[in-house]
Amino acid sequence: MNDKMKEMHLEELFRVILSLKTEEEVAAFFEDICTIKEIKAMLQRLQVAELLDRGEQYKQIVAKTGASSATISRVNRCLQYGSDGYRLVLDRMKKNEAEE
């Protein structure tokens, strides 16, 4: 976690999320703590990351997700230079798909 995030005292939020034990608990928590718009934005960013990881072009991603080029660019920067959070999740998603 970078210094800016530490200053925001996010550790407590992260601990709370980690304490959730089932998909139902996670869904209930996020439904309460986030607006539908915020949840949709997070889902859209994850979809953008998946498509970028597959090598899709910006125009295709815009058409498939409705994401702005600014959102796509930001997700791409995170994939290239970020904290590897997207990479971790994408790799786990691929692993889970392969196991199914």
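The values are calculated or read from the model by the stated rules, or taken from the named source; none is laboratory data. No experiment lies behind these values; they were computed from the predicted model shown. When we count neighbours, we look across all protein chains shown, and the Cβ atoms used for this are built from the backbone with ideal geometry, even at glycine. Heads up: the accessible areas ignore ligands, DNA and RNA and are worked out on the full protein's heavy atoms, side chains in. Shrake-Rupley method; radii C 1.70, N 1.55, O 1.52, S 1.80 Å.
So for the stretch 4-12 (the condition being of a type outside the set (Val, Ile, Thr), open to solvent by less than 50 Å² (accessible area, probe 1.4 Å) and at pLDDT 95 or above), does at least one residue qualify?
Checking the stretch 4-12: not a single residue is of a type outside the set (Val, Ile, Thr), open to solvent by less than 50 Å² (accessible area, probe 1.4 Å) and at pLDDT 95 or above.
Test each condition in (1) under 13 Å from the mean Cα position of the chain (by Cα); (2) open to solvent by 50 Å² or more (accessible area, probe 1.4 Å); (3) within 24 Å of Lys94 (Cα to Cα) for Ala49 and report the one that comes out false.
(2)
Provide a single number: the residues in the stretch 61-75 that are assigned to a helix (DSSP H, G or I) and either of a type in the set (A, V, I, L, M, F, W, C) or open to solvent by less than 90 Å² (accessible area, probe 1.4 Å) (or both).
Matching residues across the stretch 61-75 total 10.
Answer yes or no as to whether Ile17 is under 17 Å from the mean Cα position of the chain (by Cα), open to solvent by 90 Å² or more (accessible area, probe 1.4 Å) and on the phi < 0 side of the Ramachandran plot.
No.
Take the residues in the stretch 76-100 that are surrounded by 12 or more Cβ atoms within 10 Å (Cβ to Cβ) and touching a residue at least 12 places away in the same chain (Cβ under 8 Å); name whichever of them is nearest to Leu52 (Cα to Cα).
Asn76
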